[in-house]
Amino acid sequence: MTVMDIGRRRAARSFRPRSGVTIAVLLSLLLICLALALTVGAAGIPLSRLPAALRLLPDADAGPLAARDQLVLWSIRLPRILTAAIVGSLLAASGALMQGLFRNPLADPALVGVSSGGAFAAAASIVLLDHTLGNNLRFLQDHLLPIAAFGGSLVTTIILFRIASRAGNTSIALFLLAGLAIAAIANAGIGVLVFLADDRQLRDITFWMMGSLSGANWAKASSTALVLLIALLVFVKVARHLDLLVLGESEAFHTGVDVERMKLLSIVLVSAMTGVAVSVCGVVGFVGIVVPHLLRLVIGPSHRLLLPASACLGAVMLVAADTVARTIVAPAEMPIGILTAAIGAPFFLAILLRQRKLVGL
Amino acid sequence: MSAALTANAASFAIGSVALVERVDLRVEPGELIAIVGPNGAGKSTLLRMLSGDVRPTAGAVRMANRDLSTYSPRELAGRRAVLAQHTNVGFPFSVEEIVWMGADIDRRKAAPLFDRAIREVRLEAFRDRDVTTLSGGEQQRTHFARVLLQLWCGEASYGPGLLLLDEPTSSLDIRHQLDLAEMARRCARDGTTVIAILHDLNLAARFADRILMMHQGALTADGTPSAVIRPDLLARVFDVELSVSRDSTGAPFVLPQLAKR
């Protein structure tokens, strides 16, 4: 047996944890991460005061600082951290879903222009609808924003699918390059909108470009939570079929999958998840690539576990990243998109170099 | 008894270019059929029509007296299994996971059949291996085990099924080519209808009860190996002069190295 043989004979999985264990570990990690994130910030709340601040103790037992802690926690920090967790779930899980759909571990909505398409539509709704709506209807803008971002993401995903997949085969190089071009077009569009915008609109748009969670509130947390809940329910339905899609579109059809229906469902879901994430915190890249890739190394590629596990680990990652982003240059705040790109882009390059043959280079 | 599969003037065209023209075919249950023909003769397109991948642009394909397009993907999966020429898996699934994918129609029925499918393709030692690290032939055998599992699962519910193979032997060594041919023969003996595209005329002659020869999108010959592997037909369809010999069982064979151009 030559050295090559030994290398090739290496088991695909020396150790793969059971799905229940994986989810339990990831959820505990998330809880720890959430608790730690709650203690850190401009007004520090040590772990010992956390139960009182969360109103878990009767008022009598709460310390003298409880009232201030409660205010900070409930009106500022908690909604922000929960939003970070939910958006992280959406980003990572939509990445995993898109990778399954395009049968390509390098697909990420932010990287291939789907997020930019959403951001362009969101920016367009700010600039173009602002005057049409008038002052009385301005409150509608908060609701129109996620819908516009969803629409933009949907159109972009469909265009991308049309370009990159011919007769059931997806060319990975074509897919990445087309995504690059689409992102460039969307960014040019955003540039035009910036040029047209007035001062107030400009401030709103800049917020997307940078990607920050500073605008988070309870309303945003609850609407994103709703989308995440729907996504998790649909996952149960599509996960098994996504596994079969790995064989190829006609092979998936041969094994009994209604390929067209499941592609449509997945495209709409990826777009909704990306669009909502974009409408809350702008374009945050690489979470959708890094998280599923790390998980595949440990739990294997099956989507039944990968999708929910990505949602958990994505939440952990974004809560951690957001905590760093809001403390590292305090009292100022670093845009979270810069942070995830700084960590994620080298990681992406590493995957690209390791899986060179996948791209046909 | 009704035919397993019939094609009535089934044609497939892209724009004005006809890939398959007016193929009439009646396949009885348990038949073992090889499709041969030069590159671009329309063999794969014909197989794609028979599998339900594409609808004929004219004419019809019927399975058990029901038009193929009226079956849902799930109903079809229970009644026919397809092995593609090459299946590319981009994610590191294990051999076991890939084979299990064939059991998607009915996981409970598949459990006792699973080990048999793995054994049939001699991949017992490869169960936990990452399929993306296997050689082309090993990958092909993995997918053959998956397709067998799907076929058997379907047959457990709906009776003898249909097995379609698109150049199944192209990446296999001679031993596994013969294994696969033998396996197909055993399936046919149990009532499964097997239709395979083959490039190797000798394997086709040895393997099949009936050979369909395609040329320029049309069915030019349809009959027993002795009736189809004939020098005049080979000269017309493949544009080579081959002499046909007989082995001890009377089956025809050709020696391509003796061909005159």
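The values are calculated or read from the model by the stated rules, or taken from the named source; none is laboratory data. Just so you know, these numbers come straight off a predicted model, no measurement behind them. As a convention, Cβ positions derive from the backbone with ideal geometry for all residues, glycine included, and neighbour counts pool all protein chains shown.
A few remarks follow.
- In region A:94-121, residue surrounded by the fewest Cβ atoms within 10 Å (Cβ to Cβ) [restricted to those that are of a type in the set (A, V, I, L, M), out of contact with any Pro (no Cβ under 8 Å at 6 or more places or on another chain) and assigned to a helix (DSSP H, G or I)]: A:LEU101
- Scanning region B:108-164 for residues that are within 20 Å of B:ARG175 (Cβ to Cβ), part of a helix (DSSP H, G or I) and aliphatic (A, V, I, L, M) yields B:ALA117, B:ILE118, B:ALA125, B:ALA145, B:VAL147, B:LEU148.
- Which numbered condition B:PHE12 fails, given (1) in contact with a helix residue (DSSP H, G or I) (Cβ under 8 Å, 6 or more places away or on another chain); (2) part of a loop (DSSP other than H, G, I, E, B): (2)
- Within this structure, A:ALA43 passes the test of being closer than 30 Å to A:LEU78 by Cβ and either within 14 Å of chain B (Cβ to nearest Cβ) or modelled with pLDDT of 65 or more (or both).
- Selected residue (criterion: surrounded by the fewest Cβ atoms within 10 Å (Cβ to Cβ)) from residues of region B:67-79 that are within 9 Å of chain A (Cβ to nearest Cβ) and in a helix (DSSP H, G or I): B:ARG74
- A:VAL114 within 19 Å of A:PRO308 (Cα to Cα), away from every other protein chain (no Cβ under 14 Å) and among the β-branched types (Val, Ile, Thr): no
- On the stretch given as region B:80-134, residues that are of a type in the set (Ser, Thr, Tyr), over 21 Å from the mean Cα position of the chain (by Cα) and facing another protein chain (nearest Cβ under 7 Å) total 2.
- Number of positions in region B:124-168 that are touching a Pro at 6+ places or on another chain (Cβ under 7 Å) and charged (D, E, K, R): 1
- Residues of region A:253-292 satisfying the condition of being over 16 Å from A:LEU101 (Cβ atoms), within 14 Å of chain B (Cβ to nearest Cβ) and out of contact with any Pro (no Cβ under 6 Å at 6 or more places or on another chain): A:HIS254, A:THR255
- Summed over region B:28-66, the residues that are more than 14 Å from chain A (Cβ to nearest Cβ), touching a helix residue (DSSP H, G or I) at 6+ places or on another chain (Cβ under 8 Å), among the basic types (Lys, Arg) and outside any strand (DSSP E or B) give a count of 0.
- The requirement of being closer than 19 Å to B:ALA196 by Cα, more than 14 Å from chain A (Cβ to nearest Cβ), of a type outside the set (Asp, Glu) and touching a strand residue (DSSP E or B) at 6+ places or on another chain (Cβ under 9 Å) is satisfied by B:ARG185.
- Restricting attention to region B:153-168, the residues that are without any contact (Cβ under 8 Å) to a residue 40 or more places away in the chain and crowded, with 23+ Cβ neighbours inside 10 Å add up to 0.
- Close pairs from region A:240-252: first within 7 Å of chain B (Cβ to nearest Cβ), partner in a helix (DSSP H, G or I), Cβ under 6 Å, at least 6 apart: A:ASP243/A:HIS303; A:LEU244/A:ALA252; A:LEU244/B:MET101
- Among the conditions (1) out of contact with any helix residue (DSSP H, G or I) (no Cβ under 8 Å at 6 or more places or on another chain); (2) surrounded by fewer than 20 Cβ atoms within 10 Å (Cβ to Cβ); (3) in a helix (DSSP H, G or I), the only one that B:ASN88 does not satisfy is (3).
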